[in-house]
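Chemist: Take a look at this one; I'll ask things after.
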Amino acid sequence: MKSKMFGPLAPASFLAVGLHAPLRAQARDMHPIPQKTITYRASLEATAARPIVGAVLPGTMRLTLDPDGTIQGTYIPEDGHPFPVTGGVRQNGNLFLTMGRTTVNGRLMRDGTIIGSTFGPAPFDALKFVAVPKELEHPQRQG
């Protein structure tokens with residue numbers, strides 16, 4: 001379900017490119033994992049603190065998780081323009097994603113699902129982020 005919450009405002013304008021320089025430094029204590037690319041069905045949903053109707057920014061997110069724990073990818077909203085996603089994952093499954101000026105702090109579950117909370121500009125703050133894997137690709141097969 002597409003949200004009409006913002007009217008003519010382009011959701012991607014709130015997620016304009018943020019500062020990503022410290023990501024490699026933050027990722028250095030991330031755990032090694034085999035590189036994999038995952039395509040997700042993702043959206044922002046209501047919380048007790050921010051009750052909303054429907055989902056905000058529903059779309060497709062494609063992430064590559066590198067062996068050093070860094071995450072890079074793209075979020076493609078159903079009704080907007082693609083924008084970059086960066087982040088990192090720790091050995092315990094905790095992760096962060098930066099989508100412009102919005103940050104998601106959450107967990108990478110065993111089935112690949114990402115569940116977290118958002119922090120950022122008012123339209124995207126204090127919402128639940130849910131990303132469910134659509135498909136899993138292994139760009140580098142190990143024998």
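Chemist: Residues of region 41-69 with backbone nitrogen within less than 12 Å of a virtual label 7 Å along the Cα-to-Cβ line of VAL132, please, listed as ranges.
Modeler: Residues 41-43 qualify, since their backbone N sits under 12 Å from the label point.
Chemist: So how far apart, in nm, are the two label points at SER117 and THR37 if each is 7 Å from Cα heading toward Cβ?
Modeler: Here the answer is 3.4 nm between the modelled labels.
Chemist: Also: How far apart, in nm, are the 7 Å Cα→Cβ label points at ALA48 and MET109?
Modeler: Using points 7 Å along Cα→Cβ, the separation is 2.0 nm.
Chemist: Excluding ARG107 itself, calculate the net charge of residues whose Cβ lies under 15 Å from the Cβ of ARG107, where each Lys or Arg counts +1 and each Asp or Glu counts -1. Working shown, then result.
Modeler: Details: positive: ARG90, ARG110, LYS128; negative: ASP111.
Summing Lys/Arg as +1 and Asp/Glu as -1 gives +2.
Chemist: Could you work out the local net charge near TYR75, counting Lys and Arg as +1, Asp and Glu as -1, over the other residues with Cβ closer than 12 Å to its Cβ?
Modeler: Working: positive: ARG41, ARG62; negative: GLU78.
Once positives and negatives cancel, what remains is +1.
Here, each number is a calculation from the coordinates, and none is a lab measurement. Because the structure is predicted, anything quoted here is derived from the model rather than measured. Glycine also receives a Cβ, built like all others from the backbone with ideal geometry; neighbour counts cover every protein chain displayed.
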